[in-house]
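*Asks:* Can you keep this structure in mind? I'll have questions shortly.
The values are calculated or read from the model by the stated rules, or taken from the named source; none is laboratory data. Please read these numbers as outputs of a predicted model, since none were measured by experiment. Cβ placement follows ideal geometry from the backbone for every residue including glycine, while neighbour counts extend to all protein chains displayed. Heavy atoms of the whole protein, side chains included, go into the accessibility calculation; ligands, DNA and RNA do not. Shrake-Rupley method; radii C 1.70, N 1.55, O 1.52, S 1.80 Å.
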Amino acid sequence: MKKPKQFIYIQIFLLMLLIVVFYFIYMSNNLTQESTLTESSVLIHAKTKTKTTTATQKQEFNIWLIFTKVKKKSLLAKKFVNLVYNLINVSSVPLTFHIIIDEKSKLLAENQLSEVVYKTNKTLIYKFYNVQECALKIADIVDVMTPYFSSKPGTYYSDALFYISLGLYRVAPVSQKKAILLDCDLYFAEDVKLLFDEFNRFKSTALFGLAPELSPVYFHILHMYKKKHKTTFGDFYQQHNTSLDNVHPRGFQGYNSGVVLINFEKLRTSKMFSKIISKSSVFNMTEKYKFKGHLGDQDFYTLLGFEHSELIQTINCGFNRQLCTWWQNHGYQDIFGFYFKCEHPIVVLHGNCNTKIPT
């Protein structure tokens, strides 16, 4: 005797419902969600135990990322999830991700982070920070920097977020002492702990840690100043160069802000830094070097590194091995190789200007 079609449909429905129930039971066993101090903060934990030594248990390993104006199938969305997945897999220490988001990108970020947890079955802790609230906290810094270090309004580097590293100490929880801000177009070939270990090498006065810019962009920007002054500012690094400058006798290529190590604790109490980011100070520095930048915070770091080298710790190029070769084909073919050279072991590959990362 054949069963009525209606009965068969009911059986199929119940079977599907049972599958859905078992799926959610499985997910709840592997993911637990806890509320935190702010609505935009979320903790996700995979059901695994992370092994840590006594030394690392006392440390914080804070990673800051920016995830705004992102569409589901965009290149940035892909870079973001790839980076988080990469970091989780190469890290020997427990990371906390601090992610600046807008409302439209928040759900996408949550879905992608859940995907990483599901695939890796490893602990993932993240907290969200609303981009508008962050922008308000650094508004005065943005107002000072924008006239000197931004492209035309509406272009890539005109966004206020390209100065966030300079005021991130105002956004981060007061209890947070140190952190690393990363671009999303990075790939870690080695343990991210190696980058955190660079904080231990900071000179006592350093507030930031950055690797050299590996292109002649600052040689180009400073061409008017260099015509009238003998200086190594903008020159590629030469190990045996004769001294033209007491601070940077071997050349100073500038800095790249794709990887920025930040000492929040020192920044919060630094009276000198507060003076340096003032309107008059930035005007005087840019006027002195006839400097008109377009790369946001890294332009400021480059000026700061030449004028006040004690405030920046130069980390080696292996911690930010940039791959962009744009300048090689735009007037600097003869000297590009001297800037692009990096002889240190590669820890971080940086696919800037949308360069494909060989992994």
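*Asks:* Regarding Ile125, is this residue under 18 Å from the mean Cα position of the chain (by Cα) and open to solvent by 30 Å² or more (accessible area, probe 1.4 Å)?
*Replies:* So Ile125 fits the description; yes.
*Asks:* Can I ask one more? Going through the range 213-235 one residue at a time, which ones are without any contact (Cβ under 8 Å) to a residue 60 or more places away in the chain, under 20 Å from Gly296 (Cα atoms) and outside any loop (DSSP other than H, G, I, E, B)? So that I can check it myself, show each step before the final result.
*Replies:* If we filter the range 213-235 for residues that are without any contact (Cβ under 8 Å) to a residue 60 or more places away in the chain, which is where we start, we get 223, 226-232, 234-235.
After this cut, where a residue has to be under 20 Å from Gly296 (Cα atoms) as well, the list is 223, 234.
Matches in the range 213-235: His223 only.
*Asks:* Further question on the same structure: Report, by residue number, each residue of the range 239-265 that is open to solvent by 70 Å² or more (accessible area, probe 1.4 Å) and either of a type outside the set (Lys, Arg) or at pLDDT 95 or above (or both).
*Replies:* First, pick out the residues of the range 239-265 that are open to solvent by 70 Å² or more (accessible area, probe 1.4 Å): 239-240, 242-244, 246-247, 250, 265.
Scanning the range 239-265 gives Gln239, His240, Thr242, Ser243, Leu244, Asn246, Val247, Glu265.
*Asks:* Yes or no: Leu295 among the hydrophobic types (A, V, I, L, M, F, W, C), part of a loop (DSSP other than H, G, I, E, B) and open to solvent by 10 Å² or more (accessible area, probe 1.4 Å)?
*Replies:* Working: among the hydrophobic types (A, V, I, L, M, F, W, C): yes; part of a loop (DSSP other than H, G, I, E, B): yes; open to solvent by 10 Å² or more (accessible area, probe 1.4 Å): yes.
So Leu295 passes the test.
*Asks:* Given (1) surrounded by fewer than 21 Cβ atoms within 10 Å (Cβ to Cβ); (2) under 23 Å from Pro216 (Cβ atoms), identify the lone condition not met by Phe300.
*Replies:* (1)
*Asks:* Take the residues in the range 212-236 that are under 16 Å from Lys288 (Cα atoms) and among the hydroxyl-bearing types (Ser, Thr, Tyr); name whichever of them is surrounded by the most Cβ atoms within 10 Å (Cβ to Cβ).
*Replies:* Looking at residues that are under 16 Å from Lys288 (Cα atoms) and among the hydroxyl-bearing types (Ser, Thr, Tyr), I get Tyr218.
*Asks:* For the range 323-359, give me the residue count where each residue is open to solvent by less than 70 Å² (accessible area, probe 1.4 Å), in contact with a His (Cβ under 9 Å, 6 or more places away or on another chain) and in a loop (DSSP other than H, G, I, E, B).
*Replies:* Of the residues in the range 323-359, 4 are open to solvent by less than 70 Å² (accessible area, probe 1.4 Å), in contact with a His (Cβ under 9 Å, 6 or more places away or on another chain) and in a loop (DSSP other than H, G, I, E, B).
*Asks:* Here are some residues: Leu166, Leu195, Leu181. Which one is part of a helix (DSSP H, G or I), open to solvent by less than 70 Å² (accessible area, probe 1.4 Å) and either at pLDDT below 95 or over 25 Å from Glu287 (Cα atoms) (or both)? Explain how you work it out, then say what you get.
*Replies:* Numbers: Leu166 fails: either at pLDDT below 95 or over 25 Å from Glu287 (Cα atoms) (or both); Leu181 fails: part of a helix (DSSP H, G or I).
Every option except Leu195 fails the conditions.
*Asks:* Here are some residues: Val70, Val93, Val81, Val116. Which one is part of a loop (DSSP other than H, G, I, E, B), without any contact (Cβ under 8 Å) to a residue 40 or more places away in the chain and open to solvent by less than 90 Å² (accessible area, probe 1.4 Å)? Walk me through how you get there before you give the answer.
*Replies:* Working: Val93 fails: without any contact (Cβ under 8 Å) to a residue 40 or more places away in the chain; Val81 fails: part of a loop (DSSP other than H, G, I, E, B); Val116 fails: part of a loop (DSSP other than H, G, I, E, B).
The match here is Val70.
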